[in-house]
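To start, the structure under review is shown below, and the notes come after it.
The values are calculated or read from the model by the stated rules, or taken from the named source; none is laboratory data. Since the model is a prediction, treat every value here as computed from it, not as a measurement. Here the Cβ positions follow ideal geometry from the backbone for every residue, glycine too, while neighbour counts run over all protein chains shown.
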């Protein structure tokens with residue numbers, strides 16, 4: 001999947017843990033971890049909106065498109 005999740009980058013910039021984010025957004029740490037790892041197949045706009053509110057960012061700060069060639073290099 002050539003959509004890359006940069007949630008860890010935004011968490012580091014905001015000096016926030018995944019646990020803190022999950023509590024503030026209102027979703028389980030397990031689901032937040034799936035999203036952060038890039039294993040999620042979908043995300044609700046309402047969840048994305050809450051994440052952006054809490055992290056004070058834009059959706060493009062969290063999600064990025066990468067072409068297949070570069071994605072395969074990244075994933076090894």
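Looking only at region 35-62, how many residues end up being exposed (fewer than 15 other Cβ atoms within 10 Å of the Cβ) and on the phi < 0 side of the Ramachandran plot?
12
Please return the ranges of helices (runs of 4 or more DSSP H) entirely within the chain where 3 or more residues are modelled with pLDDT of 95 or more.
On the way: elements: 7-13, 18-25, 29-37, 45-55, 59-62, 68-75.
Fully inside the chain and qualifying: 7-13, 18-25, 29-37, 45-55, 59-62.
Among all residue pairs at least 6 apart or on different chains, which show Cβ distances below 6 Å where the first residue, located in region 30-49, is farther than 14 Å from residue 10 by Cβ and the second is in a helix (DSSP H, G or I)?
Cβ pairs passing all conditions: 40/34.
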